[in-house]
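What follows draws every value from the coordinates through simple rules; no lab data is involved. Predicted model, so just to flag it, every value in this text is computed and none were measured. Quick reminder, even Gly has a Cβ in these numbers, built from the backbone with ideal geometry, and neighbours come from all protein chains shown.
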Amino acid sequence: MFKLILLSMLLLSSFLSAGDIKIAVAANVSYAMNDLKKAFSKIHPEIKVKVILGSSGKLTAQIRHGAPYELFMSADMNYPQALYQDKTALKEPVVYAQGEVALFSPKSRDFTQGLSLLRSKEISKIAIANPKTAPYGKAALEALKNARVYKDIKEKFVYAESISQTISYTLVATDIGMIAKSSLYSPQMKRFKKGRHWSEVDPKLYSPIKQGMVILKEGGDNPEVAAFYNFILGEDAQKILKDFGYTLP
């Protein structure tokens, strides 16, 4: 009798979890994720998508330590490529979008100065994502060095764990921040105006941020994971990503 009850519980647990997929998503994509999930749900209402957000580097570390994520949407190609090389991912990653860095301040500033604006005495603290774990932080640092302003402003940096935390710091704790352009298209950020509160960082100053997606071993036999993977590369999802300021691959 006990065995029958135990078997029934296991079957019920399996049934309840069926249709759920767990994906690790770089923080910069969080602003588009609600729209992406809604669009996916219209096509596959039976599949529930659970999103775990973080910096690409930290999510990669979690995956390597056994986190049960089934698909990884990184902020660049390096992390999913590394997972593929050590056989934690099943096949080579693909580019699903290309991101851009923006300079953002909740206070109106003269953005015509470009990155030279950061030398201003009015700016004492600059939020930037940790370049060791966040690809957007790495790109921001590269841009500052190529613009030859890094040495003059490096003491002003306030490092954040992810690009979403960088935005939080910029809003409440620093004077300006280097963030993902995509975040500025979110409902919470649309009140800030281009040219007054933000501007793009010249993309010639940093390497292209080719964002990579890969199916992990945990999701290799799951057709629902494959469905979400194909959806992200499809026309509907690509339009949403474009609407959030990404360049399409």
Gyration tensor (Cα) of the chain, equivalent ellipsoid semi-axes in angstrom: 38, 18, 16
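Would you mind checking K125/K154; K107/K194; K91/K181; K121/K151 for any pair whose Cα atoms are more than 18 angstrom apart? Numbers along the way, then the final one.
Details: K125/K154 10 Å; K107/K194 12 Å; K91/K181 29 Å; K121/K151 15 Å.
Long pairs (Cα-Cα over 18 Å): K91/K181.
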Toward the positive end of the charge dipole of the chain, about the Cα centre and with charges on Cβ (Lys, Arg +1; Asp, Glu -1), which of N222, P45, W198 goes farthest? W198
Starting from the Cα of E46, step 7 Å toward the Cβ, then list every residue of the range 216-230 with an amide N under 15 Å from that point. 222-228
Tail beyond 20 Å, pair distance distribution of the range 142-249 (Cα, percent): 56
Whole-number value, in Å³ per residue, for the convex hull of the alpha carbons of the range 133-195 is 101
Stokes-Einstein at 25 °C, 0.890 mPa s, Kirkwood radius from Cα pairs: D for the range 50-179 in µm² s⁻¹? 155
Using alpha carbon centers only, the range 208-248 is separated from the range 155-191 by a whole-angstrom value of 24
State the extension gain, in nm to one decimal, for the chain segment bounded by K151 and A67, taking 0.36 nm per residue of separation less the distance between their alpha-carbons. 26.4 nm
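Have a look at the DSSP beta bridges in the chain and tell me what percent are antiparallel, nearest 5.
Beta bridges within the chain, antiparallel portion: roughly 50 percent.
Per DSSP H run of at least 4 residues, take -39500 (n - 2.57); add these up for the chain, divide by its residues and hand me the 222 nm value, nearest 500 deg cm²/dmol.
-11000 deg cm²/dmol
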